[in-house]
1. Failed condition for residue 78, given (1) on the phi > 0 side of the Ramachandran plot; (2) out of contact with any Cys (no Cβ under 6 Å at 6 or more places or on another chain); (3) touching a residue at least 60 places away in the same chain (Cβ under 8 Å), with all others met?
2. Looking only at region 136-151, count every residue that is buried (at least 17 other Cβ atoms within 10 Å of the Cβ) and farther than 13 Å from residue 244 by Cα and tell me the total.
3. When you scan region 260-282, how many residues do you find that are assigned to a loop (DSSP other than H, G, I, E, B), in contact with a helix residue (DSSP H, G or I) (Cβ under 9 Å, 6 or more places away or on another chain) and without any contact (Cβ under 8 Å) to a residue 40 or more places away in the chain?
4. Go through region 118-171 and report how many residues are out of contact with any helix residue (DSSP H, G or I) (no Cβ under 9 Å at 6 or more places or on another chain), among the aliphatic types (A, V, I, L, M) and touching a residue at least 12 places away in the same chain (Cβ under 8 Å).
5. Of all residues in region 10-39, which are under 25 Å from the mean Cα position of the chain (by Cα) and not in a loop (DSSP other than H, G, I, E, B)?
6. Do any strands (runs of 3 or more DSSP E) entirely within region 162-246 hold 3 or more residues that are modelled with pLDDT of 95 or more and buried (at least 17 other Cβ atoms within 10 Å of the Cβ), and if so, which?
7. For region 52-66, enumerate the residues that are aliphatic (A, V, I, L, M) and surrounded by fewer than 20 Cβ atoms within 10 Å (Cβ to Cβ).
Amino acid sequence: MQTNNEVFYRLAEVLRENVPLCNDQLASELTVLGLTRTEAFCAFLLSSMGLDADSVMGREIYRGYLPKMVHEVPAGLVLDDPYVKAIGEVYGRNGNKVLTMERLEPYVPFVCGSFICEGERVYPQLGFLTEPVRFPAVYENGLSWMSAEPNEIVTLKPLAEKAEGQVVCLGLGLGYYAFHALLNPRVNSVICIEREQDMIALFRDKLLPFFPRSSSLTIVEEDAFWWVEHNLEQTDPDTVLVDIWRDAGDGMSCYTKMKELQRGHAQWQYWIEDEICYYLGLKKEIE
């Protein structure tokens, strides 16, 4: 547990910096010594975490954690994604919501995938690219709120591919999940519940024209919790996705509240559920 906490704390500091840890030349200098490109990146990551591979803690994290945490992500994961390809370069503004293009630089570490838990060890999943990629993003009051980044792709797309029948999506955002659900032949229709009027207007104006089967998509301006309490049973969906939080930290209270409201025969899906449950478990231990 202590090593898990050390990894999480040091990693959070590195991710907050959001800068490249090396470049092609520096990575090549290590690969000629026999390291793979991922191993070379891990060496730079360890240094950025303030650790030395010769120390006890550094050795444990470099050998025992990073190999199960870090992966080179092909640029095609983003560039070849049907949503990213369909939307293309897109810009707009409505109220405090700004739709723009975000760029992810090579060798910048980023969260990419659900935690892997083995015994007492927890391995957060990280990725890095070797070429830049661009993708749509929404900023709110100057802060990135949602985007079609790699982590969204690897965590939301598989959920959309498992959806079926009538789908309710609690939270609209960029419509990434809704887009892929509409590509799914087992999905009949999608209803998105979104409380932010500015986001709905921006979506309808700038994003909806690029959607497949757009006539099968309905957007309802309403609070997700209120809608579930008052409209879920009469709508009787087959799949419900809950995606109303920015990250696992701010999702804990919303997740707990929505789980109490969950009912019916539908397949309920929660974005980054494993991560939220992990943090909820830590919170209980502290309390």
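The values are calculated or read from the model by the stated rules, or taken from the named source; none is laboratory data. As the structure is a computational prediction, the values presented were derived from the model and not from experiment. Here the Cβ positions follow ideal geometry from the backbone for every residue, glycine too, while neighbour counts run over all protein chains shown.
1. Among (1) on the phi > 0 side of the Ramachandran plot; (2) out of contact with any Cys (no Cβ under 6 Å at 6 or more places or on another chain); (3) touching a residue at least 60 places away in the same chain (Cβ under 8 Å), the lone unmet condition for residue 78 is (1).
2. Within region 136-151, residues that are buried (at least 17 other Cβ atoms within 10 Å of the Cβ) and farther than 13 Å from residue 244 by Cα number 9.
3. Count: 3.
4. Of the residues in that region, 1 qualify.
5. Hits for region 10-39 are 10, 11, 12, 13, 14, 15, 16, 17, 37, 38, 39.
6. 165-170, 187-194, 239-242
7. Going residue by residue through region 52-66, those that are aliphatic (A, V, I, L, M) are 53, 56-57, 61, 66.
53, 56, 57 - these are the residues of region 52-66 that are aliphatic (A, V, I, L, M) and surrounded by fewer than 20 Cβ atoms within 10 Å (Cβ to Cβ).
Per-residue answers, yes or no, for (1) under 24 Å from residue 26 (Cα atoms); (2) part of a loop (DSSP other than H, G, I, E, B); (3) of a type in the set (S, T, N, Q):
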position	(1), (2), (3)
58	yes, no, no
64	yes, no, no
74	yes, yes, no
85	no, no, no
90	no, yes, no
